[in-house]
């Protein structure tokens, strides 16, 4: 999945801890094996290669994530859409070279190869296909969340009674001993935090443009593309989602970054057990909004480098 992983668990003895850590890492490796677009042998790579030619058999985990991707695409009116992969390639964000596509190129990609409508799933027979040539899927906005979900389950089943899994900054916890504070990074000042909140058995995902950006013809562009417009999303510095499940936190953080603050807050207010922290600029002013069910703790002087 192109990121680093850290697992910490509590169990009755060291041997059980070792088993739980190994089980969690094995779960993460399984997701990478099935859903990575960086691997030529993954199920997702095979679907991207052969899906326009007919049905492709996929395993239950990939089918579950594709089904959830469809659901989150519908929920967010297309702000989350895994078929954004052709647009990522068009801009050169994946393999380069970086380029500024023409309006005509973006329009054609949106019309022909982008849109969840191009993905067809056969749940009964465990297979998927695409309805147009050139369609391809990137699960970078949801697969890490799914990996956290199954890593938590694996650690619990192996005997851990508390734990924390960190997958490139996406977190999931279980058990009271793993409860703790999660910091919101200041997007303009390295090492400074805007505040923190308490994590207690949930998952957290953050999408932001302050670290992952490219420069094309002297202009900065974030790495998250709006699937509805074909252009990199702008107007939001970071979105942090807290949810019961990793998949929800992951997908919604991407969608809310695309949607913008007001639309995001409106969506989150309608969802149970889901909260958010939004950071955006208006002129020179940095704005922070927190959903109603989450308390952001102001940083102490000791929290700032």
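Structure summary
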read-out	value
Stokes-Einstein diffusion coefficient of the chain, Kirkwood radius over Cα pairs, 4 °C, 1.567 mPa s, in µm²/s	65
Footprinting exposure proxy for 202, 107 (fewest neighbouring C-beta atoms within 10 Å first)	107, 202
For a label point 7 Å along the Cα-to-beta-carbon line of residue 13, residues of region 151-194 with backbone N under 19 Å	156-162
Region 227-288 versus region 96-153: alpha-carbon centroid distance in Å	20
Principal axis dimensions, region 68-195 - Cα atoms, whole angstrom, descending	53, 48, 27
FRET efficiency estimate (nearest 0.05) - Cβ-Cβ, residue 217 to residue 157, R0 41 angstrom	0.20
Equivalent ellipsoid, region 179-303 (semi-axes from 5 times Cα gyration tensor eigenvalues, Å)	23, 19, 12
Rg(Cα)/(2.2 N^0.38 Å) for region 1-148, N = residue count	1.18
At R0 = 45 Å, FRET efficiency that the Cβ-Cβ distance of residue 77 and residue 177 yields, to 0.05	0.70
Projected label distance in nm at residue 95 and residue 262, using a 7 Å step from Cα toward the beta-carbon	4.1
Fewest-first ranking of 111, 94, using other Cβ atoms within 10 Å as the exposure measure	111, 94
GNM flexibility winner over the chain from 24, 243, 200 (Cα, springs under 10 Å)	200
Average projected area [Cα convex hull, region 43-130], square nanometres	6.1
GNM top mover of 110, 148, 139 - the chain, alpha-carbon springs below 10 Å	110
Taking 291, 203 and counting other C-beta atoms within 10 Å, the order from fewest to most	291, 203
Candidates 205, 15, 79, ranked by Gaussian network fluctuation over the chain, Cα under 10 Å, top entry	15
Extension reserve of the residue 281-residue 192 stretch, reckoned as 0.36 nm per residue once the Cα distance is removed	30.4 nm
Simple label model, 7 Å out from Cα along Cβ direction - residue 229 to residue 131, nm	2.6
Mean Cα-pair separation over length for the chain, i.e. relative contact order, pairs under 8 Å, 6 or more apart, %	18
Residue-averaged [θ]222 nm for the chain, counting only DSSP H segments that reach four residues, each worth -39500 (n - 2.57)	-10500 deg cm²/dmol
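FYI, it's all coordinate maths here, none of it is from the lab. Everything numeric in this text was worked out from a predicted model, so none of it was measured. Heads up, the Cβs are rebuilt from the backbone with ideal geometry, glycines too, and the neighbour counts pull from every protein chain shown.
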